[in-house]
1. Scan A:GLU67, A:GLU99, A:GLU24 and give me the residue that is open to solvent by 20 Å² or more (accessible area, probe 1.4 Å) and at pLDDT below 95.
2. Just wondering, is there one or more residues in region A:91-112 that are farther than 27 Å from B:GLU2 by Cβ and more than 9 Å from chain B (Cβ to nearest Cβ)?
3. Filter region A:73-96 down to the residues that are polar (S, T, N, Q), closer than 26 Å to B:PRO34 by Cα and open to solvent by 30 Å² or more (accessible area, probe 1.4 Å) and list them by number.
4. Of everything in region B:23-46, what is surrounded by fewer than 17 Cβ atoms within 10 Å (Cβ to Cβ) and more than 9 Å from chain A (Cβ to nearest Cβ)? Give them in sequence order.
5. Would you confirm whether any residue within region A:41-54 is open to solvent by 10 Å² or more (accessible area, probe 1.4 Å) and touching a Gly at 6+ places or on another chain (Cβ under 6 Å)?
6. Tell me, which residue of region A:37-55 that is of a type in the set (Phe, Trp, Tyr) and not in a loop (DSSP other than H, G, I, E, B) is nearest to B:GLY41 (Cα to Cα)?
7. Being of a type outside the set (Ser, Thr, Tyr) and assigned to a strand (DSSP E or B) is the requirement here; does A:MET32 meet it?
8. Given the condition modelled with pLDDT under 95, closer than 17 Å to A:LYS41 by Cβ and not in a strand (DSSP E or B), answer yes or no: does some residue in region B:18-40 qualify?
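The values are calculated or read from the model by the stated rules, or taken from the named source; none is laboratory data. Everything quoted here is computed from the prediction, not taken from an experiment. No Cβ is skipped: glycine too gets one built from the backbone with ideal geometry, and neighbour counts run over all protein chains shown. Note: accessible area is taken over every heavy atom of the protein model, side chains too, but ligands, DNA and RNA are not part of it. Shrake-Rupley method; radii C 1.70, N 1.55, O 1.52, S 1.80 Å.
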Amino acid sequence: DTEVTQTPKHLVMGMTNKKSLKCEQHMGHRAMYWYKQKAKKPPELMFVYSYEKLSINESVPSRFSPECPNSSLLNLHLHALQPEDSALYLCASSLTGGEGRSNQPQHFGDGTRLSIL
Amino acid sequence: GENVEQHPSTLSVQEGDSAVIKCTYSDSASNYFPWYKQELGKRPQLIIDIRSNVGEKKDQRIAVTLNKTAKHFSLHITETQPEDSAVYFCAAPGDDKIIFGKGTRLHILP
């Protein structure tokens with residue numbers, strides 16, 4: 001069973017649409033992550049939240065907007081995306097992280113496969 | 001910052017044989033090294049990890065070895081089975097995040 005739950009599993013949207021990806025974990029983890037993964041590549045870090053505060057933004061375009069409503073939830077709001085944004089978007093969590101050297105295992109959700117038309 | 005190199009990029013082994021994937025890292029302060037397995041269309045899944053206070057860790061058919069002096073660590077899979085076919089990523093801790101290797105696609109041949 002996946003301990004990090006992501007919805008939706010698949011999303012197709014036009015370049016003018018607004019949509020949101022959701023992620024939830026109930027392991028008591030205080031760090032949550034958004035990654036983007038293209039085919040045959042490793043996950044590429046986008047954002048890190050530590051104790052519900054944004055601690056890392058890897059120079060992600062503003063058309064991606066993260067939100068952490070509470071310690072269990074993480075959202076990624078999407079607006080005016082480009083075709084090159086089509087990818088698998090993975091959420092992950094770890095007990096701690098985002099501050100200092102990252103030495104805790106990260107648990108990944110199943111991802112949202114996003115296609116931009 | 002930390003840099004992780006992973007080799008080989010593709011590996012084919014006969015079912016029942018062993019597979020070895022190697023990674024090197026650059027920052028001598030790194031102290032935690034996880035390995036992730038990602039099957040086609042699925043999430044990366046942590047399969048084993050090692051901390052810098054030990055040199056080897058085993059879990060059934062999977063083992064990881066760490067050489068801190070040489071700054072490299074390796075994944076060993078023995079008695080490979082078809083379900084071992086996947087992409088494997090090593091990782092090392094960078095500042096505030098983990099740094100992934102580029103991945104190794106492992107094919108198990110019948």
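1. Numbers: A:GLU67 fails: at pLDDT below 95; A:GLU24 fails: at pLDDT below 95.
Being open to solvent by 20 Å² or more (accessible area, probe 1.4 Å) and at pLDDT below 95 holds for just one of A:GLU67, A:GLU99, A:GLU24, which is A:GLU99.
2. Restricting attention to region A:91-112, the residues satisfying the condition of being farther than 27 Å from B:GLU2 by Cβ are A:110, A:112.
Subsequent filtering for residues that are more than 9 Å from chain B (Cβ to nearest Cβ) retains A:112.
Yes, region A:91-112 contains a residue that is farther than 27 Å from B:GLU2 by Cβ and more than 9 Å from chain B (Cβ to nearest Cβ).
3. Scanning region A:73-96 gives a single hit, A:THR96.
4. Step one: list which residues in region B:23-46 are surrounded by fewer than 17 Cβ atoms within 10 Å (Cβ to Cβ), which gives B:26, B:28-29, B:31, B:39-42, B:45-46.
If the condition is that a residue be surrounded by fewer than 17 Cβ atoms within 10 Å (Cβ to Cβ) and more than 9 Å from chain A (Cβ to nearest Cβ), then B:SER26, B:SER28, B:GLU39, B:LEU40 are the ones that fit.
5. Yes, that holds for at least one residue.
6. Just the residues of region A:37-55 that are of a type in the set (Phe, Trp, Tyr), to begin with: A:47, A:49, A:51.
Among the residues that remain, those that are also not in a loop (DSSP other than H, G, I, E, B) are: A:47, A:49.
Numbers: A:PHE47: 22, A:TYR49: 26 Å.
Only one residue fits best here, namely A:PHE47.
7. Values: of a type outside the set (Ser, Thr, Tyr): yes; assigned to a strand (DSSP E or B): yes.
The answer is yes for A:MET32.
8. Scanning region B:18-40 turns up at least one residue that is modelled with pLDDT under 95, closer than 17 Å to A:LYS41 by Cβ and not in a strand (DSSP E or B).
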